[in-house]
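A short write-up of the structure that comes next.
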């Protein structure tokens with residue numbers, strides 16, 4: 001029987017193995033609308049994100065690029081993927097055929113999308129000035145190739161280039177020799193005190209140069225907030241260039257640059273594509289449905305864009321205080337931790353798809369704790385942005401410990417968790433004092449109370465694991481704090497003042513985008529379902545499971561409108577008051593399954609997946625938020641989701657694919673197969689079999705999945 005099963009699995013997956021999965025990735029998917037993603041060249045989790053910048057500004061240009069623009073003002077080396085605040089765009093380079101507008105703040109060169117293309121690890125565009133630009137990358141180096149129409153060409157390096165909130169504070173450029181340029185850009189924005197150093201090497205010698213703007217020049221070196229250097233080349237052949245980055249020094253960047261050969265863009269692009277192919281092959285699905293394949297593999301691609309490498313090849317990195325450190329607990333230290341977004345689905349996915357790299361990420365969080373005194377809330381270039389609510393490094397670390405990650409020191413991690421939970425800021429003292437956060441003490445009081453309660457549940461589980469019974473009792477009590485804001489008369493979690501009175505008037509459709517709002521980036525509808533750690537207790541507040549199911553039904557039938565003078569722009573993808581374009585809604589549909597109504601989960605999951613994830617530039621309904629939107633789709637397509645991200649369980653929904661082969665840690669595989677049966681009007685999953693045994697249509701544990709084998713869904717047609 002074992003041989004027969006293996007033969008069956010081989011026949012089912014043979015055609016999956018023969019696929020090339022990078023061809024299904026569309027880097028332009030989501031570059032329109034409010035996806036806020038970039039189309040340029042990078043490798044999985046690479047320090048370099050080499051991508052075009054339009055030169056336009058605004059919320060939809062947070063990645064530097066939006067599909068609605070028709071100009072390119074430069075190619076820069078750092079970009080955020082899918083965030084709501086613009087930063088980065090460091091070390092901007094623009095190829096030119098003349099110097100007519102060389103002193104302009106931004107030079108915008110027109111282009112057409114018909115002359116633009118991209119694939120994982122490679123980007124190309126033909127600019128209207130006749131220059132063909134090609135880009136690729138390795139972990140710490142960006143590669144450029146510019147083919148000029150004339151015998152003379154120019155490159156402008158601009159350390160003053162900035163978008164949105166970001167502003168340069170200092171810059172330096174130095175031509176070491178005709179083939180080598182070094183420099184740095186310091187900036188303030190979302191990250192205060194960001195420093196990026198670079199070294200560029202050219203395949204053609206510089207034949208002339210001059211500095212412009214606020215430069216203080218000393219020979220072949222200049223400094224200034226907006227320092228620019230214009231280089232001239234004889235371009236009878238294409239100019240190729242490597243630009244290596246470091247967060248430590250120009251010497252470190254130069255050492256990295258000497259590891260690379262600037263004239264081998266084609267080879268590096270091919271190597272980058274191979275690296276992406278290896279990543280994408282970790283989850284191999286049936287690609288018969290072309291649109292589904294494009295959506296799935298672009299989503300899987302986007303789950304590998306953040307966090308990014310933040311240390312040099314030798315492990316060196318700097319804190320935001322400019323303190324030199326050495327990362328010794330792994331291969332690479334990472335930064336760009338968007339914890340409010342990614343604790344929900346991205347990091348649980350990493351526990352399956354990135355076991356080694358994820359360990360480095362966890363150790364990076366602990367290094368951040370050692371450097372800054374608290375676990376990261378939103379770490380951007382070693383700066384604590386303190387953006388959004390909760391202390392959500394805790395569920396990420398708790399999930400790892402509870403899943404048996406042996407690389408972490410449990411006691412050290414636990415003490416870091418407790419320090420976050422007892423911090424003297426972000427409303428924590430009043431949350432502890434009152435058992436909820438009063439709105440007259442701190443804004444976003446409802447969201448913070450609900451999210452702190454969940455994080456405290458995570459701490460309680462680690463305390464239990466470590467045998468700390470008194471701490472367990474403390475934090476499990478705090479985990480029930482959500483109950484203190486429940487209003488049984490309306491069925492919503494509502495804000496109270498410090499006298500224990502609900503804030504009036506109350507409008508469940510009110511959206512307040514500022515810091516004084518009661519709910520962050522949303523309404524009472526979207527935030528009143530966040531009790532992933534205690535679904536039974538949550539249901540009891542409503543009067544039982546059927547009553548909570550009824551409340552969920554009302555969520556989807558409520559008016560799709562927002563009230564208020566300053567509604568949140570992040571509330572997108574509305575179905576009723578379910579808002580899939582923002583993270584607070586991502587777990588909600590799976591509550592149906594947890595409450596015993598999986599058929600309702602299946603209905604809404606299919607609707608959301610088909611309407612909120614499409615192909616093309618407008619394919620994402622909201623910010624991808626460092627891969628969380630994409631991770632939701634990957635999980636959902638496979639038929640399950642981490643409703644409680646630190647529970648070690650995955651709640652079933654409905655599979656969107658026909659077959660999948662998942663490479664698991666420990667060189668095991670999980671084969672997923674979907675069978676169909678007539679439903680006579682029924683919908684969703686009819687039955688589930690795991691390794692020849694029927695299992696309930698509710699959830700499956702991480703430990704069970706890690707064993708691998710054969711998971712068969714039978715769904716109603």
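Key figures
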{"read-out": "Hey, residue 568 outside any helix (DSSP H, G or I), under 21 Å from the mean Cα position of the chain (by Cα) and farther than 26 Å from residue 534 by Cβ or not", "value": "yes"}
{"read-out": "Counted residues, the stretch 358-380 - those being within 15 Å of the chain's Cα centre (by Cα) and either assigned to a helix (DSSP H, G or I) or modelled with pLDDT under 95 (or both)", "value": "2"}
{"read-out": "Count of the stretch 152-188 residues which are out of contact with any helix residue (DSSP H, G or I) (no Cβ under 7 Å at 6 or more places or on another chain), in a loop (DSSP other than H, G, I, E, B) and buried (at least 23 other Cβ atoms within 10 Å of the Cβ)", "value": "3"}
{"read-out": "When residues of the stretch 86-108 are limited to those that are in contact with a strand residue (DSSP E or B) (Cβ under 9 Å, 6 or more places away or on another chain) and closer than 30 Å to residue 341 by Cα, the one modelled with the lowest pLDDT", "value": "87"}
{"read-out": "Complete set of residues in the stretch 271-292 that are within 16 Å of residue 118 (Cα to Cα) and either free of Cβ contacts under 8 Å to residues at least 60 places away in the same chain or touching a helix residue (DSSP H, G or I) at 6+ places or on another chain (Cβ under 6 Å) (or both)", "value": "273, 274, 276, 277"}
{"read-out": "Test: residue in the stretch 589-606 that is assigned to a loop (DSSP other than H, G, I, E, B), touching a strand residue (DSSP E or B) at 6+ places or on another chain (Cβ under 9 Å), closer than 30 Å to residue 309 by Cα and touching a residue at least 12 places away in the same chain (Cβ under 8 Å)", "value": "no"}
{"read-out": "Search result, residues across the stretch 328-341 that are part of a helix (DSSP H, G or I) and closer than 19 Å to residue 47 by Cα", "value": "339"}
{"read-out": "Given (1) closer than 18 Å to residue 156 by Cβ; (2) at pLDDT 95 or above; (3) in contact with a strand residue (DSSP E or B) (Cβ under 6 Å, 6 or more places away or on another chain), number of the condition residue 213 does not satisfy", "value": "(2)"}
{"read-out": "Filter result (under 23 Å from the mean Cα position of the chain (by Cα) and closer than 21 Å to residue 355 by Cβ) within the stretch 645-676", "value": "645, 646, 647, 648, 649, 650, 662, 663, 664, 665"}
{"read-out": "First in the stretch 199-226 and without any contact (Cβ under 8 Å) to a residue 12 or more places away in the chain, second anywhere and in a loop (DSSP other than H, G, I, E, B) and surrounded by 19 or more Cβ atoms within 10 Å (Cβ to Cβ), Cβ under 7 Å, 6 or more apart", "value": "216/224"}
{"read-out": "The stretch 677-717, residues that are in a strand (DSSP E or B), more than 31 Å from the chain's Cα centre (by Cα), modelled with pLDDT of 95 or more and exposed (fewer than 14 other Cβ atoms within 10 Å of the Cβ)", "value": "693, 694"}
{"read-out": "Which listed residue is farther than 19 Å from residue 338 by Cβ, at pLDDT 95 or above, in contact with a strand residue (DSSP E or B) (Cβ under 6 Å, 6 or more places away or on another chain) and crowded, with 23+ Cβ neighbours inside 10 Å, from 111, 75", "value": "75"}
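Yes/no per residue for (1) in contact (Cβ under 8 Å) with a residue 60 or more places away in the chain; (2) surrounded by 24 or more Cβ atoms within 10 Å (Cβ to Cβ); (3) under 14 Å from residue 397 (Cα atoms):
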site: 310; (1), (2), (3): yes, no, no
site: 316; (1), (2), (3): yes, no, no
site: 320; (1), (2), (3): yes, no, no
site: 325; (1), (2), (3): no, no, no
site: 363; (1), (2), (3): no, no, yes
site: 366; (1), (2), (3): no, no, yes
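The values are calculated or read from the model by the stated rules, or taken from the named source; none is laboratory data. Quick caveat, the model's predicted, so the values are computed rather than measured. All Cβ positions, glycine included, derive from the backbone under ideal geometry; neighbour counts span all protein chains shown.
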